[in-house]
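The values are calculated or read from the model by the stated rules, or taken from the named source; none is laboratory data. Being a predicted model, the structure only gives us computed values, none of them experimental. Every residue, glycine among them, receives a Cβ derived from its backbone with ideal geometry; neighbour counts consider all protein chains shown. In case anyone asks, the SASA skips ligands and DNA or RNA and just uses the protein heavy atoms, side chains included. Shrake-Rupley method; radii C 1.70, N 1.55, O 1.52, S 1.80 Å.
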Amino acid sequence: MQNRLKLFFFFVSAIVLFSSCSKDVEEYNKPAIYWYGKIISSISDGNIDKADDYYSSLQGEHIGSPLLPEATMILAIAHMYEEEYLLSEHFLDEYIKRYANENEREFAEFLKIKAKYLSLPNPRRDQVLIQDAIKAAEAFKRNYPGSDYYALVDSMLTKLYLSEAALNETIASLYDRVDKYKSAQYYRDIKPEPWIKWDEIDKANSPWYREWFEGDGTASWYGFMIPETQSVVSRNSVQENNSTK
């Protein structure tokens with residue numbers, strides 16, 4: 001009798017499980033407001049991936065729905081809140097390309113710059129992303145000189161210039177270690193904005209827990225263990241008695 005009860009409960013659980021799964025799989029041909037509501041409720045529950053799935057259903061079944069622009073912007077902001085900046089940019093690009101008028105485009109372009117800026121917690125790690133963010137911010141200032149977001153973009157751009165300079169100094173220090181002094185000087189000579197008084201800029205300090213493993217950008221914590229020998233990394237290593245170094 002006990003075994004029969006266990007078998008009965010097993011079958012009931014299996015039926016409930018498979019019926020719930022099939023419900024998700026077979027959910028289709030719904031009105032636009034249904035998918036929109038599912039997107040909002042999924043975001044409220046913190047399930048952004050599910051919200052993306054419902055967005056695909058809304059877009060696929062109701063390509064001309066007036067709810068799509070708002071749903072696209074909501075997902076862009078939700079992904080930015082979750083620090084998923086690449087996905088945020090994806091939805092912002094979709095919004096700009098398909099739905100935005102001139103005023104809405106300005107706001108979306110501002111959010112794209114903000115997403116790029118926020119995705120750079122450690123500027124020493126991504127040279128291309130810094131350069132892309134700088135280009136986007138400079139383009140925004142040219143295209144929207146009277147924007148309400150101009151001052152915010154200008155502030156982010158200034159910090160991006162400083163981040164790029166810090167990264168260039170880090171790269172120059174790495175070239176110094178392998179005796180490539182001309183390459184090091186090239187990166188030290190890059191000063192994109194003459195109005196910045198570079199001699200007065202204080203170097204940013206890494207948190208102690210990260211500096212243990214990464215060093216300060218000019219040297220590593222394990223540097224004392226490396227013998228003071230001529231570098232063999234570069235074929236163009238310069239000897240100490242070479243006056244052209």
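Can you compute the modelled spin-label distance between residue 178 and residue 103, with each label point 7 Å from Cα toward Cβ, in nm?
The modelled label-to-label distance comes out at 5.4 nm.
Considering only the other residues whose Cβ falls under 9 Å of the Cβ of residue 89, what net charge follows from Lys and Arg at +1 and Asp and Glu at -1?
Here the charged neighbours net out to +1.
Quick one: what are the phi-derived ³J(HN,Hα) couplings along segment 150-160, Karplus 6.51/-1.76/1.60 with θ = phi - 60°, whole Hz, x for glycine and proline?
With coefficients 6.51, -1.76 and 1.60, one gets 4, 5, 5, 5, 4, 5, 5, 5, 4, 5, 5 Hz.
Which net charge results for the neighbourhood of residue 73, defined as the other residues with beta-carbon distances under 10 angstrom from its beta-carbon, given Lys and Arg at +1 and Asp and Glu at -1?
On the way: positive: none; negative: 70, 94, 104.
Cβ neighbours under 10 Å give a net charge of -3.
Distance from the Cα centre of segment 127-141 to that of segment 80-124, in angstrom?
After rounding, the separation between the Cα centres reads 13 Å.
Can you pull the percent of segment 27-93's accessible area that's carbon plus sulfur, 1.4 Å probe, other chains left in place? It would help to have the intermediate numbers written out before the result.
Numbers: 1900 of 3560 Å².
Using a 1.4 Å probe with all protein chains present, segment 27-93 comes out at 53 percent carbon and sulfur.
In nm, to one decimal, how far is the residue 186 label point from the residue 29 one, both placed 7 Å along Cα→Cβ?
In this crude label model, residue 186 to residue 29 measures out at 6.4 nm.
Starting from the Cα of residue 129, step 7 Å along the direction of its Cβ; do the same at residue 61; then give the gap between the two resulting points in nm.
My value for the distance between the label points is 3.6 nm.
Looking at this model, which pairs from 112/135; 50/135; 112/141; 135/180; 30/114 are more than 23 angstrom apart at the alpha-carbon? Numbers along the way, then the final one.
Details: 112/135 12 Å; 50/135 33 Å; 112/141 14 Å; 135/180 29 Å; 30/114 35 Å.
Going by Cα-Cα distance, 50/135; 135/180; 30/114 fall outside the 23 Å limit.
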